[in-house]
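Let me give you the structure first, and then I'll get to my questions.
The values are calculated or read from the model by the stated rules, or taken from the named source; none is laboratory data. This one's a predicted model, so the numbers in the text were calculated from it and none came from an experiment. Positions of Cβ are backbone-derived with ideal geometry, glycine not excepted, and every protein chain shown enters the neighbour counts.
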Amino acid sequence: MSSHMEGGSTTRPPLLTGTNYSYWKTKMKMFIKSMDEDAWRTVLTGWKRPVATDEKGIETEKHEKDWSKAEQIAANMNSKALNAIFNGIDINQFKIISACECAKEAWEKLQTAYEGTASVRLSKLQMLATRFEDLRMEENETVSEFNSKLCDISNEAHGLGETYPEVKLVRKVLRSMPDRFAYKITAIEEASDVDSLRLEDLIGNLQTFENKLNISRMDKERKIALQSVSDTTTSVPTAPMSALEVKLTKSMSLIAKNFGRFIKKNGHPTNSERKPRTSTDKPEVKKGIRCRECHGYGHIQAECANTLKKQGKSLATTWSDDTSESPRIC
């Protein structure tokens, strides 16, 4: 679950952590100016406690009750700026400026602590110049990330007292893009005046081109993925079988082999039934029942002609025997 992000407070000064001085310096400047422009002017020009000069020319600090209206306003502006600085640092930085009564003095002490003297600032500017010249956009880097690095160097240089002109930043971007932006860079240089091109317009143009490249790359990857899935489904590799599956496969192969041998030896039981008839073939006669006497088909023994003939001969013999015998007279 993403946390809710908020910007900095408009009522609290930015906090100096020890590693963000260049950012703190810019933000604190705007924070003091937002309170009162005269307060920031006090940081630049300084403030001293009002003094009074006696007849002998000796200066003594005025008591606060003797301050004029203008002196009270000036003291109030200094207090506002100093209070903002005190509340924008931690305990370690507070030890450096805790004895300061002037906002300008506190500001300069912090500046010296984090930016160094003039020679140290010059050395830091030279290091920033080297980073600026060596800066290149990486192949796996976005335009936004590269722009952030460029702005970091520019802001640090500005904090040290040197400002990079916008045309210098624009030309740095144009010559620091990777090869995939070569066509776009050429088109920009031919279509517009580089010296009048604003940095934000250039970055926006490059980001639009970068989005188009990403969309095109995603389409190609999607097509390749779909093709891979299609090839995989058409030729699925056989998974290794378990021991039980191997035994079942061998048994089924043996049964199929024996059944084939049986068919070759005895013939298929339905081959004769499914064999097509030709014009020379005689129609098959349904045999039906079989006679026990003549072993013919289509009748029973009682209806057989042989049986009837035998019965006729038997009756004739019996009748002749009866008629040939004469009756005896006792």
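Identify, please: which residue in segment 42-57 is more than 60 Å from the chain's Cα centre (by Cα) and in contact (Cβ under 8 Å) with a residue 40 or more places away in the chain and is, among those, surrounded by the fewest Cβ atoms within 10 Å (Cβ to Cβ)?
The residue in question is Lys48.
Also, quick follow-up: Taking the conditions exactly as written (under 27 Å from Ala157 (Cα atoms), in a helix (DSSP H, G or I) and not assigned by TED's automatic domain parsing to the domain that holds Ala157), does Met77 satisfy them or not?
Taking the combined requirement at face value, the residue does not satisfy it.
At least 2 residues that are closer than 30 Å to Lys25 by Cβ in each: list the helices (runs of 4 or more DSSP H) lying fully within segment 138-199 that qualify.
143-159, 166-174
Still on this model: Among the residues of segment 37-74, count how many are in a loop (DSSP other than H, G, I, E, B) and in contact with a helix residue (DSSP H, G or I) (Cβ under 6 Å, 6 or more places away or on another chain).
The number of residues fulfilling the criteria is 3.
Might you check whether a residue that is under 25 Å from Lys33 (Cβ atoms), of a type in the set (Gly, Ala, Ser), in the same structural domain as Phe31 (by TED's automatic domain parsing) and surrounded by fewer than 16 Cβ atoms within 10 Å (Cβ to Cβ) occurs anywhere in segment 96-110?
yes
This table checks each residue for (1) out of contact with any Lys or Arg (no Cβ under 6 Å at 6 or more places or on another chain); (2) among the small types (Gly, Ala, Ser); (3) within 21 Å of Phe132 (Cα to Cα).
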residue: Val167; (1), (2), (3): yes, no, yes
residue: Arg175; (1), (2), (3): yes, no, yes
residue: Lys184; (1), (2), (3): yes, no, no
residue: Ala187; (1), (2), (3): yes, yes, no
residue: Asp193; (1), (2), (3): yes, no, no
residue: Leu199; (1), (2), (3): yes, no, yes
residue: Leu206; (1), (2), (3): yes, no, yes
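Search segment 126-141 for residues that are farther than 16 Å from Arg175 by Cβ and outside the structural domain of Glu210 (by TED's automatic domain parsing) and pair each with any residue that is among the charged types (D, E, K, R) and loosely packed, with under 15 Cβ neighbours inside 10 Å when their beta-carbon atoms are under 7 Å apart and the residues are at least 6 apart or on different chains.
Close Cβ pairs (under 7 Å, with a partner that is among the charged types (D, E, K, R) and loosely packed, with under 15 Cβ neighbours inside 10 Å) do not exist here.
For residues that are out of contact with any helix residue (DSSP H, G or I) (no Cβ under 6 Å at 6 or more places or on another chain), touching a residue at least 12 places away in the same chain (Cβ under 8 Å) and among the small types (Gly, Ala, Ser), tally how many sit in segment 146-164.
The number of residues fulfilling the criteria is 2.
Filter segment 113-145 for residues that are farther than 26 Å from Ile185 by Cα and among the aliphatic types (A, V, I, L, M) and give the result.
If the condition is that a residue be farther than 26 Å from Ile185 by Cα and among the aliphatic types (A, V, I, L, M), then Ala113, Ala118, Val120, Leu122, Leu125, Met127 are the ones that fit.
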